[in-house]
C-alpha cells in the first residue's frame with residue numbers, strides 16, 4: 001500500500017488507474033481498493049484527487065499561471081472537473097482561493113499547514 005501511495009505522490013499528474021496501482025502493491029484491484037481505503041481512510045481515486053488539488057493550491061498561491069493551465073499541469077483532463085473537485089475539497093473555487101491567498105500575506109509554511117485539505 002505504501003508503494004502505491006508513494007507512486008501516487010510522485011506521479012500525481014500522470015493518468016493512474018486502480019489496475020496499475022494494484023500491480024505496484026502486488027494485489028488484485030478489488031483487494032487494493034478495500035485495503036487502501038481501510039489503511040488511509042479514503043479511496044485511491046479521492047487520495048489522488050486530493051494530492052492534485054494540494055499541488056494546485058501551491059501553484060495558485062505562488063504563481064500567476066492561469067487556472068486552466070494549472071488544472072492540466074496537475075493532471076486533470078478538464079478545467080470544469082478541476083474546478084468542481086477543487087471546490088469539493090477546499091470549499092471555494094480556485095479563483096476565490098487565489099484571491100484570498102494573495103490577500104492574507106501569511107508565511108507559506110503557515111498557509112500550507114492551515115490550508116491543507118482534510119477531506
Query raised in the report: Expressed as a rounded percentage, what relative contact order does the chain have, with Cα pairs under 8 Å and six or more residues apart?
Result: 21
Query raised in the report: With no solvent and one point per C-alpha, what does the Debye sum give as log10 I(q)/I(0) for region 19-62 at q = 0.18, 0.24, 0.27, 0.34 Å⁻¹?
Result: -0.57, -0.78, -0.88, -1.11
Requested in this report: Over region 1-70, calculate the relative contact order: mean separation of alpha carbon pairs under 8 Å at least 6 apart, over the residue count, as a percent.
Outcome: 26
Query raised in the report: If each residue's Cβ is checked for other Cβ atoms within 10 Å, how do 88, 64 rank with the fewest at the top?
Result: 64, 88
Query raised in the report: What 222 nm value per residue comes from the helices of the chain, counting each DSSP H run with n ≥ 4 as -39,500 (n - 2.57) and dividing by all residues, nearest 500 deg cm²/dmol?
Result: -21500 deg cm²/dmol
Query raised in the report: Once the chain is represented by equal point scatterers at the alpha-carbon sites, with solvent omitted, what log10 I(q)/I(0) does the Debye formula produce at q = 0.14, 0.18, 0.23 Å⁻¹?
Result: -0.61, -0.92, -1.27
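None of the figures in this text is laboratory data; all of them are computed from the coordinates on show. All of these numbers come straight from a predicted model, not from anything done at the bench. Positions of Cβ are generated from backbone atoms using ideal geometry, with glycine treated the same way; all protein chains shown enter the neighbour counts.
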